[in-house]
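The values are calculated or read from the model by the stated rules, or taken from the named source; none is laboratory data. Just so we're clear, the structure is a prediction, and the values are computed from it rather than from any experiment. Because the Cβ atoms are built from the backbone with ideal geometry, glycine has one as well, and the counts that use them run over all protein chains shown. Ligands, DNA and RNA are excluded from the accessible area calculation, which covers all protein heavy atoms including side chains. Shrake-Rupley method; radii C 1.70, N 1.55, O 1.52, S 1.80 Å.
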Amino acid sequence: MAMENELSPLAITDGLATRFMGQNVLYYPSLPSTMEVAKKEAQGGAAQGTVVIAGEQTAARGRLGRAWLSPEGGLSISVIIYPEITYLPYLIMIASLAVVGSIEAVTGLKAQLKWPNDVLIHGGKVSGILIESGVRGDVVDYSIIGIGINVNIRIADFPGISAIATSLSDELGVRVSRRELVRRLLVELEELYLALPEGKAIFKEWRHRLVMLGKKVSVKSGETAYQGLAEDVAGDGSLLLRHQDGRLIRVLAGDVSLRDLDDSG
Ligand code: ATP
């Protein structure tokens, strides 16, 4: 079937201009979650850059156990890497930049980042990114970069997300090659991964892409909600929130939801 061939291991690796990223591809037409398979593969010692890719996911999750809808037509991949522990905070930055860069390169659409892990086009969420790592003491056993992109999905068919989501095909009015997109994504991801020792430039580019800096936001962390000005981000990726009483609060990406108060009135 054409849809499946588009994402077959050979279709992805043939002539792929990377050293390791995406050179080993495990493709499944349908999986509950690429993250779960990638985790098992990583624990079994899969090569750095191994990619688990699914035509669709039936039980995908986002952060905080939230559901991530990934029907056929979307791109669902998990990438296995073995980074040094000092690089962990930057993985979300390189993954986000690779998603934005590959979307722009393949479609010409401008994408923006919503801290900490969303990619937006014209305000609609087009991609979600999830980083999960196995860490023991100060040793990283593995990290998995999970990326879901709404590529050829008619968002109107999914009422649960239609108010907040968008897709590349909805934005463009034509289908987009998932093969081309994933190949470009892997090239950009490897470039950025290899550039991690010069982390400053990555941070700067990531910060530059963030929407909401300078805006009034609400941040929910567990039971606690803070409101204030999203003043800046720190070098480790945490958000610096200026509370109404003047305090500057540092918010880690881990367990928070961010809402734009300017938009919601
Ligand atoms: P947010 O802060 O945007 O509410 P989050 O970053 O806390 O979300 P994620 O893990 O990024 O959570 O994504 C899960 C959320 O994204 C779900 O709660 C749902 O609202 C939304 N969602 C689920 N599937 C999709 C999809 N395919 N496209 C866009 N949004 C989706």
Residues within the range 99-116 that are within 12 Å of the chain's Cα centre (by Cα) and charged (D, E, K, R), tallied: 1
Whichever residue in the range 146-170 is assigned to a strand (DSSP E or B) and touching a helix residue (DSSP H, G or I) at 6+ places or on another chain (Cβ under 7 Å) and, among such residues, is farthest from the ligand (Cβ to nearest atom): 147
From 56, 84, residue being more than 26 Å from residue 198 (Cα to Cα) and among the charged types (D, E, K, R): 56
Considering residues of the range 117-174 that are of a type in the set (S, T, N, Q) and under 16 Å from the mean Cα position of the chain (by Cα) only, the residue most open to solvent (accessible area, probe 1.4 Å): 133
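Sort through 189, 194 and tell me the only one that's among the aliphatic types (A, V, I, L, M), away from the ligand (no atom under 16 Å from the Cβ) and surrounded by fewer than 16 Cβ atoms within 10 Å (Cβ to Cβ).
Details: 189 fails: surrounded by fewer than 16 Cβ atoms within 10 Å (Cβ to Cβ).
Residue meeting the stated conditions: 194.
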Identity of the residue in the range 225-241, free of Cβ contacts under 8 Å to residues at least 60 places away in the same chain, closer than 29 Å to residue 87 by Cβ and in a strand (DSSP E or B), that ends up farthest from the chain's Cα centre (by Cα): 226
Pair list, Cβ < 7 Å and 6+ apart or interchain, from the range 31-45 residues that are in contact (Cβ under 8 Å) with a residue 12 or more places away in the chain to residues that are assigned to a loop (DSSP other than H, G, I, E, B) and surrounded by fewer than 17 Cβ atoms within 10 Å (Cβ to Cβ): 32/58; 32/59; 33/59
Qualifying helices (runs of 4 or more DSSP H) (wholly inside the range 1-112; at least 3 residues being modelled with pLDDT of 95 or more, hydrophobic (A, V, I, L, M, F, W, C) and within 16 Å of the ligand (Cβ to nearest atom)): 88-107
Qualifying residue in the range 210-219 (condition: of a type in the set (A, V, I, L, M) and outside any strand (DSSP E or B)): yes
